[in-house]
Structure formats: structure tokens, C-alpha cells
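Colleague: Sharing a structure, written as C-alpha cells. Questions coming.
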Amino acid sequence: MSLYTFQVFGCTDIGNVRSVNEDHILVGRFVKNSGSMGIEYLDNDDFLATFGMLFAVADGIGGEQSGEVASKITLQTIERHFYSFERTYANIETFSDAVKASAMRANDTVMHVAASGVEFTGMGCTLTGVCITRSGYLVFNAGDSRVYRYRNGFLKQLTEDDTLVNIAVRSGQMTYEEAAVSDARHTITNSIGGPNFNLKIKEGPELRDADRLLICSDGLHDLVPIDRMEEIISHNDTQHAGRSLLAEAKLNGGLDNISLILLHYSQFEEPEIHESIKPEIGQETASTLGSSNTSPEDHSIKALENEEGHDNKI
């Protein structure tokens, strides 16, 4: 039987210049503001079937302290609400409703906090990510963080930046080259905490064996050219590719906080159990006597954290 597996690596870093990391990442159920972590799971996992898996990047807006607060509140609120969302049917539309409802709850929470004190005035964050389910995956975005799909050596952007320069490019008032160096390229038109927040969500294009999904903040895609990102991803496994992308952004200046999540999709055939290796009835061996009753599916999610810590969920 054919199965698929996702190997996931996520990291977030303060960069070389900023004094505070305003970014947070969500890897499954873990919200992080520093360090890195990875997980791996199969498509027959019961948690995936029931709840799906969320991976997201939030890049803070509104000053160092308030931007950090906004991105943290956003991902913690989304994590809590998404995984507790009542799902009558586990289809792609139900998961889409859960993501949208969770994002709206986060937006309301951030706006409430922003109104509670002058130090939080104008705070907000981008929100970009994917929701993996057994019946496909969703891509969602608000702001200028991005989702890419990597296939056969090339990255394709799956999200559209919510920026003034992107509006100008779409209307023919500016070229891509002009937009890339414009002072207005980071002026965001849609974000968590904004008065007209609108989460754009769609079903992602079908994945093939060896495809990868890259979620990243502008701290990566602004500083590392796309052809260099393609080269790094093509020559490394998931964890080494993620660490190399981070290192490249810092080598190129590290002017902003840097956050990324890389997901590697692969297909394989489940091994068959041959009659010749089955123990005879009544035969007791050291391996059968010492075996666990736990099924392989119970171990299909592995959370492997590095020495760096992660934010505790509220």
C-alpha cells in the first residue's frame, strides 16, 4: 500500500541587526520565537486524520515589543482554536472553515490588546502557512510572508504579497524590477490587527513525490535570491536545507528577523510482512516476548527539538 510522509523542519532567528525577534512560527502544536525543531509523520496518522496539521509564520508589525506580542498572540490563539474546532466531517472544506475561524479569532484578540494601551497601538503581524490534511492541503496568507512549492529544481510562489508595490505591479504602474528595490515594498495592505483583515485561503496544487513546501518571512525571501534558494534546497535534506537557508540570509546581511518552515513530501510503499518471517503459533522468542503493544501509527509523529527552547502555549 502506498503511503506518504512529511518531514518538517522549522526555525526562527533574530538576524544580525534587530534587538528583538518579532517573528513566531507554528510547527504542528509548537509556537516558537527562537531556535528550531523538526517533526515527521505519515498520512495514516490518526491525529492528522482528525485535526490536520498547521504550519505557519507570523511576522510582527508595529515596533519591536508590540510586533513580537502580536505574532505570539496570533499563533497561540490559532493553535488553540484550530485544534479544538469541532469538525463534523473531516473534508477540506471543514479544515478551511477551521483555519478561517481561528484566524478571525486571532485578529479579534490582537485588536483587543492593541486597544488596551498606547504601547500596543498599531500592532499586528503577517500570517502565512499551510494546513495539511489527508484529503489535500490548504495555503493561506495575509501580508508579505510567502509559501513556495519546490519541484524539480524550481520554486513556485503559491501566495500573493499584500503590499502596495504588488498592487502597482498588477495594475501595470511598476515593473517587478522596480518593485524589488522600492521603498514601499514592505508597506503591507492586509494583516492580522488591520481594520480590513482578510485571510486568503485556497487548496494547494497537488503534491508529487519529492516536492517541498517552503513557508518564510521576508527576512529570507528579501535577502536570498530565488535561484540561490533553489540551489540550497536541491542539494540538501530537509534539516540541512533549512539551516543553510537561514545561514545564507544572515551571510547576506541578516537585516531582519528570519523565519522559515520547510516540508518535504515523499511517497513510499508500505513493507509487506512475508509468511516466511512470521513466528509459528505458540512460538515464544525474545523479540515477541519483549515487543510493545504500541502500533507503528502511534509513533508516526516525532517531535525532535534542539537545545533551544520554545514558547509554552497558554
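Colleague: Out of all the residues in the range 128-171, which are farther than 18 Å from residue 220 by Cα, hydroxyl-bearing (Ser, Thr, Tyr) and more than 16 Å from the chain's Cα centre (by Cα)?
Modeller: 135, 171
Colleague: Tell me which residues, restricted to the range 233-243, are surrounded by 19 or more Cβ atoms within 10 Å (Cβ to Cβ) and either over 12 Å from residue 9 (Cα atoms) or in contact with a Lys or Arg (Cβ under 6 Å, 6 or more places away or on another chain) (or both).
Modeller: 233
Colleague: Hey, can you tell me all the residues within the range 133-165 that are touching a helix residue (DSSP H, G or I) at 6+ places or on another chain (Cβ under 7 Å), hydrophobic (A, V, I, L, M, F, W, C) and under 28 Å from residue 50 (Cβ atoms)?
Modeller: 138, 140
Colleague: Kindly list, by first and then second residue, each pair from a residue in the range 111-140 that is in contact (Cβ under 8 Å) with a residue 60 or more places away in the chain to a residue that is assigned to a helix (DSSP H, G or I) and among the polar types (S, T, N, Q), limited to pairs with Cβ atoms under 8 Å and residues at least 6 apart or on different chains.
Modeller: Here the result reads 114/66; 122/66; 123/66; 125/71; 125/74; 127/74; 131/96; 138/96, each pair linking the range 111-140 to a residue that is assigned to a helix (DSSP H, G or I) and among the polar types (S, T, N, Q).
Colleague: OK, next. Is it the case that the range 172-189 has a residue that's closer than 25 Å to residue 83 by Cα and surrounded by fewer than 20 Cβ atoms within 10 Å (Cβ to Cβ)?
Modeller: Scanning the range 172-189, I find no residue that is closer than 25 Å to residue 83 by Cα and surrounded by fewer than 20 Cβ atoms within 10 Å (Cβ to Cβ), so the answer is no.
Colleague: Considering only residues that are part of a loop (DSSP other than H, G, I, E, B) and either among the basic types (Lys, Arg) or without any contact (Cβ under 8 Å) to a residue 12 or more places away in the chain (or both), which ones fall in the range 1-39?
Modeller: Within the range 1-39, 18, 29 meet the criteria.
Colleague: Just one of the numbered conditions (1) in contact with a Gly (Cβ under 7 Å, 6 or more places away or on another chain); (2) surrounded by fewer than 24 Cβ atoms within 10 Å (Cβ to Cβ); (3) not small (Gly, Ala, Ser) is not true of residue 262; which one?
Modeller: (2)
Colleague: Consider the range 52-70. How many of its residues are without any contact (Cβ under 8 Å) to a residue 60 or more places away in the chain and in contact with a strand residue (DSSP E or B) (Cβ under 6 Å, 6 or more places away or on another chain)?
Modeller: Total meeting the criteria: 2.
Colleague: Which of the residues spanning the range 168-214 are hydrophobic (A, V, I, L, M, F, W, C) and closer than 30 Å to residue 152 by Cα?
Modeller: Result: 169, 179, 180, 181, 199, 201, 207, 210, 213, 214.
Colleague: To continue, here is another question. If we scan the range 57-77, do we find a residue that is of a type in the set (A, V, I, L, M) and modelled with pLDDT under 95?
Modeller: So far as the range 57-77 goes, yes, one or more of its residues are of a type in the set (A, V, I, L, M) and modelled with pLDDT under 95.
The values are calculated or read from the model by the stated rules, or taken from the named source; none is laboratory data. Computed from a predicted structure; not experimentally measured. Glycine gets a Cβ as well: all are built from the backbone with ideal geometry, and neighbour counts include every protein chain shown.
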